[in-house]
Amino acid sequence: MKSIRVLLLAIISLALTSCGSHELFKDGKSAYTIVLAPDATESERYAAEELRHWIKEVSGTDLPVADLSGGTRGKRLIVGFNQLVTELVPEAVKPGDRDDSFTVKSVGGDVLFWGGSLRGTLYAVYSFLEEELGCRWYSSEVSVVPHKDAWSFGKLDRHEEPGIKIRDNCVLDVRSNPAFSARTRNNFVRLPGINPGETIPGTAEGYWGVHAMGYLVSPAEFYSSHPEYFSLRDGKRLSNYAQLCLSNPEVLEVCVDRIKEVMRREPDFLIYSMEQCDNQLFCQCDECTALAEKYGGQSGLMVWFVNQVADAVKDEFPDKYIGTFAYQYTRHAPKDIVPRDNVVIRLCSIECCLLHDYDDCERNVEFLKDLRDWSAIAPHLYIWDYVTDFAQYCLPVANWKTMASHIKDFRDNNAIGILEEGDYQTVSCELREMRSWVLAKLMWNPDADVDALIKDFTDGYYGAAGKYIRDYLDLEDRILRRPGVHANCYIIANDPMYTDEFISEGRKIFAEAKRAVADDEDLLWRVKIAEMPLSFLHMERNPFAAVNDGAEDDLMAVIQFAGMNQLAEGAWAGGVMTVNQLRARNIAVHESIDYSRDKLYPASEVETSGQGVAYVRYEGDFMSTSEMLKNGKITSQGTMSAIAVDEDPDKDHFGYVFDCWFMALRSGVHQFTVVSDDGAVLEIDGDKILDIDGSHSTQSKLVFVNLEKGLHRLTLHYFEDCEGQMLSVNLASPDGYSGPLPADRLYIP
């Protein structure tokens, strides 16, 4: 009886195995064929080739691709919604071409992959390769593919829909590599269908232009003949990158004609920009002001104008949209007016704190209100979000926990699209590959587990060093997100968010990470690149120490290895933009180290007249501070609390000599950084120690001076020529202070 029972169990087990398990491949062999309809789209054929390629990478098995019209034998991987899908899954409904949702389903031994014909089916294939076979595409250069001798499956039944319809992962690696872009399910294409090689088969969503009003109606073309087309400010029509006078009917006519020309010439885009220029110089003429007051602010005037453009194009382009900004002065939702059905509102979060959720941070609550207000009236809401540091791309940004909550808020307020702007120009962003990969996953599924995503990436991309990268992220979270700390997307190295503890503890963690992968050159370089932000931060804040402990060498080695050339979006105050500028600053550091070792400035015993700075103000046209002293007209003199020109009544053609005693609280090397537009010359105890004189745009220079504890005479010459003004003086001192030159250390002579 016992032997019969064992035999019966064996038969049942064999039957269950044959019914419930299907062998896709074993020992380099397979009974499967990849099957396509004869009229399969180009994208579906591309999906079939991707399926074939990656199965071969996993197993060594090269599956044939066949046309179902010729008949197929054996088991099938059926790609695309076709006749076989309707036969095997009668209840299935054909998705729309642009539908990114997908289904992966097994019927018997067959596996079916279908979705929208442009991208949905392709995403079905990628989902299968990721979830079932374990493939990972962490960057355009790093794919992790497990090698399997055999793989079998039972029942497959997966259906997914994107949490966000238009997913724009705005980083260089994604935008420059269309195949990798598709694998991350990024479906925004910068130039859809325009240039071969910039897209893969099957279109994706495109948004033409940004700040396009300045392109469509440019001062260079129109100002000389029509100055009334541009912003009226303080009684004058502006000519330099001005906003438009939106109440002018001729401006509307030109914008309509020009955007129609673009839509005819470049028809592959979904949305076309009718967006303000990147400044806040909106028109203050009586007509524009009256319309803004009528509709609840500048956003109301903008919607009033863009609605008319949308009305003018809708008959010729019924499936296209006109997009406009809710940005800075147009961010608040209007009153008594709503956008047309063919208008997309692109709401920008540039003022927000990156470190906190929108509903628990005093700096974010106003944006959350704007988000909800626009969601209530906008038929199509598109978010322009910021996820890195644009003043210094590589500086650490501890927003790993908030990226998901922000995207959920966008999803919950009916956003149809998100542009997540990262390092779109360069490769120097902190943990750029992981930030991009995690964002891609969250835009597809805002409810995904961020910790699980980070573990997936760190273990797959950094190998044995992965757990140390997670330790570093925990350190970021503990120190950079400590209570009371906030950060927007323009952070500089002397921000109080960063501390010496963060740098020292972070470097210890990375030392362990490098030891863990010391025998694998590829993994070791990935870890070194991940450490680069700490080395950069260390060099910026403590350059003497960074030179002595090797951080500078580590920094420059990574920059050379990774081919980095740009370190910031622009020449922002307090940061360096290019690697050449960084090299020049490093040379200055070494020169200053040698100089400060040789010369100590002794303190002076003097009487002062209280805290503050004495000044002499000049006016005139001059091209240097020496010319200012020689030919400038003195207009006022007196004292002020600190060195500053922000409150000066003039915009151009003035200058100052600031004079004070500076209190060094501790003996040692002090770092002074001057950022100026135009010229500046700094003297300490009668010695000229820093010179960026002359007429120029914003420049930054630092110097190191060895000061004895006590008072030292500080004199700063500054002048403003024209087109913008900037003056800031920053201090990093041996007592641990790092930031703007503090007013409580300055005394009137």
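The values are calculated or read from the model by the stated rules, or taken from the named source; none is laboratory data. If you're wondering where the values come from, they're calculated on a predicted model, not measured in any experiment. Using ideal geometry, Cβ is built from the backbone for each residue, glycine included, and neighbour counts are taken over all protein chains shown. Surface accessibility is based on the protein's heavy atoms, side chains included, excluding ligands, DNA and RNA. Shrake-Rupley method; radii C 1.70, N 1.55, O 1.52, S 1.80 Å.
Please return the longest range in the chain lying between exposed loop sites, taking GluC sites (Glu not before Pro), DSSP loop only, at most 13 other beta-carbon atoms within 10 Å, and leaving the sites out.
Answer from the scan: 363-604.
For the chain, just say rounded, prolate or oblate: build the C-alpha gyration tensor, square-root its eigenvalues into a ≥ b ≥ c, call rounded for a/c under 1.5, and beyond that prolate if a/b exceeds b/c, oblate if not.
oblate
Using alpha carbon centroids, what distance separates region 104-162 and region 238-314, in Å?
So the two Cα centres are separated by 45 Å.
Averaged per residue, what accessible area in Å² does region 374-505 show with a 1.4 Å probe, protein chains only?
It amounts to 29 Å² per residue over region 374-505.
Please identify the trypsin sites (Lys or Arg not before Pro) of region 275-337 that satisfy two criteria: DSSP loop assignment and at most 15 other Cβ atoms within 10 Å. Which are they?
Here the sparse-neighbourhood loop sites are K335.
Tell me the carbon and sulfur percent of the accessible area for the chain, rounded to whole percent, probe radius 1.4 Å.
Reported share for carbon and sulfur atoms: 49 percent.
Looking at the chain, send over the antiparallel percent of its DSSP beta bridges, to the nearest 5.
70
Give me the percent relative contact order of region 572-707, please, defined on Cα pairs under 8 angstrom at least 6 residues apart.
Once divided by the residue count of region 572-707, the mean separation gives 31 percent.
Helix-only estimate, please: 222 nm mean residue ellipticity of the chain, summing -39500 (n - 2.57) across DSSP H runs of length 4 or more and dividing by its residues, to the nearest 500.
-11000 deg cm²/dmol
Show me the three semi-axes of the equivalent ellipsoid for region 109-224, from the C-alpha gyration tensor (sqrt of 5 times each eigenvalue), largest first, rounded to whole Å.
38, 16, 11
Give me the Å³ per residue figure for the convex hull around the C-alpha atoms of region 203-319.
It comes to 109 Å³ per residue, whole-number rounded.
For region 651-744, which trypsin sites (Lys or Arg not before Pro) pass both filters: DSSP loop (anything but H, G, I, E, B) and at most 12 other C-beta atoms within 10 Å?
In loop regions of region 651-744 (DSSP not H, G, I, E or B), the sparsely surrounded trypsin sites (Lys or Arg not before Pro) are K651.
Let me have the relative contact order for the chain, percent, based on Cα pairs under 8 Å that are six or more residues apart.
Relative contact order for the chain comes out at 8 percent.
Please sort through the DSSP H helices of the chain and keep those with an alpha-carbon extent of at least 20 Å along the long axis and a Kyte-Doolittle average not below 1.0.
Once both thresholds are applied, what remains is 2-20.
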